[in-house]
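The values are calculated or read from the model by the stated rules, or taken from the named source; none is laboratory data. What you see is a predicted model, and the numbers here were worked out from it, not measured in a lab. Cβ atoms come from the backbone with ideal geometry, glycine included; neighbour counts cover every protein chain shown. Keep in mind that these areas ignore ligands, DNA and RNA; they rest on the heavy atoms of the full protein, side chains included. Shrake-Rupley method; radii C 1.70, N 1.55, O 1.52, S 1.80 Å.
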Amino acid sequence: MSITYLKRGKSETERQTDDAQIRKTVEVTLADIEARGDAAVRELSQRFDNYAPPSFRLSGSEIEAITSRVTEREMADIRFAHDQVRNFAQLQKDSMKDIEVETLPGVILGHRNIPVQSVGCYVPGGKFPMVASAHMSVVTASVAGVPRILAATPPFKGEPNPGVIAAMHMGGAHEIYVLGGIQAVGAMALGTETIRPVDMLIGPGNAFVAEAKRQLYGRVGIDLFAGPTETMVIADETAADGEMCATDLLGQAEHGYNSPAVLVTNSRKLAEDTLAEIDRLLKILPTADTASVSWRDYGEVILCDTYEEMLDVANDIASEHVQVMTDRDDWFLEHMHSYGALFLGPRTNVAYGDKVIGTNHTLPTRKAGRYTGGLWVGKFLKTHSYQKILTDEASARIGEIGSRLCMLEGFVAHAEQCNLRVRRYGGIDVPFGEGAPYREDEQ
């Protein structure tokens, strides 16, 4: 095996040092919100966003006034993206069926898919107004049938962003708050004097938001650990060139100062061309101040000998977004098992998935793709099982076997739950503290 790093990012030790500082900040901040409620939230918003209106929740008239500033053309584009996300989410929901089956004569088992009763959708937007994130969280929760949907987004340049608010309102948010960062997710999860807590937190965010969700998990549910964006390009010379690879890498690196962007290739020429193109693009890219830091600290170029090595590297990194541009894209689709979302072929790209095509862009980061997929309508639905027994014979028969299994484990009171039914519905006298006897046909 021959794997060469033509460029490396920060070491794992350096990244863990950054993480430790973030953990401490979040822990202190959440404790302050829990202790002081609205007062703490207001102080944090003033400090970090210079924003402290009389109420962080927008009224109906405020929503109407803000969204009226969105042009007809912009609103049409927002609605197009909204419709694509809603349609795909509805198709996903339609694939999830409630079931009820008779597994044995008189024994009925089933499950129901029940929506979470309240969710808080965080929509990032302090640096870039993330209109698309409102679709991904609010629309998907609405399709799932969540009866109370809160949506929170930070102010953009000192005021609510009209496009984001329009997308939240169009998507079906019941409560809209102009509130960002730890103070937003903390207030929604912990509750304050003016915000009733939710059952679940949804949505991506910066490292502080991701860490806040991690610390709040258990107290509330979360969708997944969706931290700073990550992207990987898997490419060979048959399907991509340096300009395309560089463009697709920087297209995500501009998200923030800590957004990993990784090229995995079996072509040294393509790798070197990509490095040269990145240098060229960073001289003209308006967001280069951000993208260049991400690329410097978190960018990597990995040169492999074989496609199998490329696959192994990609599965090990488990990137959030994986753009595949090779002569065997479907082979990667078949064999990739750890990632957030795949973008197959040069005709598609991560920005399509981020903004408009209809799949959800809230995806697992930091190797979480090893054990979870991204946000989808099923994340808002809890699958609850139930059982009922219709006949005396079925109750007694299940009870006999259940009784013996309980005694095998030493659970005498459990066994008595079974024995009571055996005595009552089967007419068999099972002594207290013993398992049900075997029938003659079981001897």
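Here are the numbers for the structure shown:
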item	result
The chain, helix-only ellipticity at 222 nm - DSSP H runs n ≥ 4, -39,500 (n - 2.57), divided by all residues, nearest 500	-14000 deg cm²/dmol
Sequence of LYS93, LYS283 from largest to smallest accessible area, 1.4 Å probe	LYS283, LYS93
Long-range amide H partners of GLY221 with built H, under 5 Å	MET200, LEU201
The range 160-236: trypsin sites (Lys or Arg not before Pro) in DSSP coil with no more than 15 other Cβ atoms inside 10 Å	ARG219
Descending semi-axes in whole angstrom, ellipsoid equivalent of the range 126-237, from the Cα gyration tensor	23, 18, 15
Over 19 Å between alpha carbons, listed pairs LYS127/LYS157; LYS24/LYS157; LYS7/LYS355	LYS24/LYS157; LYS7/LYS355
Charge dipole magnitude, Cβ of K and R +1, D and E -1 - the range 255-349, Cα centre, debye nearest 20	440 debye
Surface share of carbon and sulfur [accessible, 1.4 angstrom probe, percent] for the range 351-414	60 percent
Set of lysines near LYS388 by C-alpha distance (under 20 Å), chain-local residues within fewer than 8 positions excluded	LYS97
Per-selection Rg to Rh, the range 337-402 - Cα, Kirkwood hydrodynamic radius	1.37
Cα coordinate range in the range 1-157, projected on the principal axes (Å, largest first)	64, 61, 42
Spin-label model distance (nm) - ASN87 vs GLN417, 7 Å beyond Cα toward Cβ	4.8 nm
For the chain, accessible area per residue (1.4 Å probe, heavy atoms of protein chains only), Å²	48 Å²
Rg and Dmax of the range 31-104, Cα atoms only, in Å	21.5, 64
Amide hydrogen neighbours beyond the local backbone of ILE176, cut-off 5 Å, H modeled	LEU58, ALA151
Inverse mean reciprocal Cα-Cα distance (Kirkwood Rh) of the chain, Å	24.6 Å
Carbon and sulfur %, accessible surface of the range 51-191 computed with the full protein complex present, 1.4 Å	55 percent
Where labels lie 7 Å past Cα in the beta-carbon direction, separation of TYR5 and GLU62 in nm	4.8 nm
Solvent-accessible ranking of ILE357, ILE428, ILE108, largest area first, probe 1.4 Å	ILE357, ILE428, ILE108
Of all DSSP beta bridges in the chain, antiparallel share, percent nearest 5	35 percent
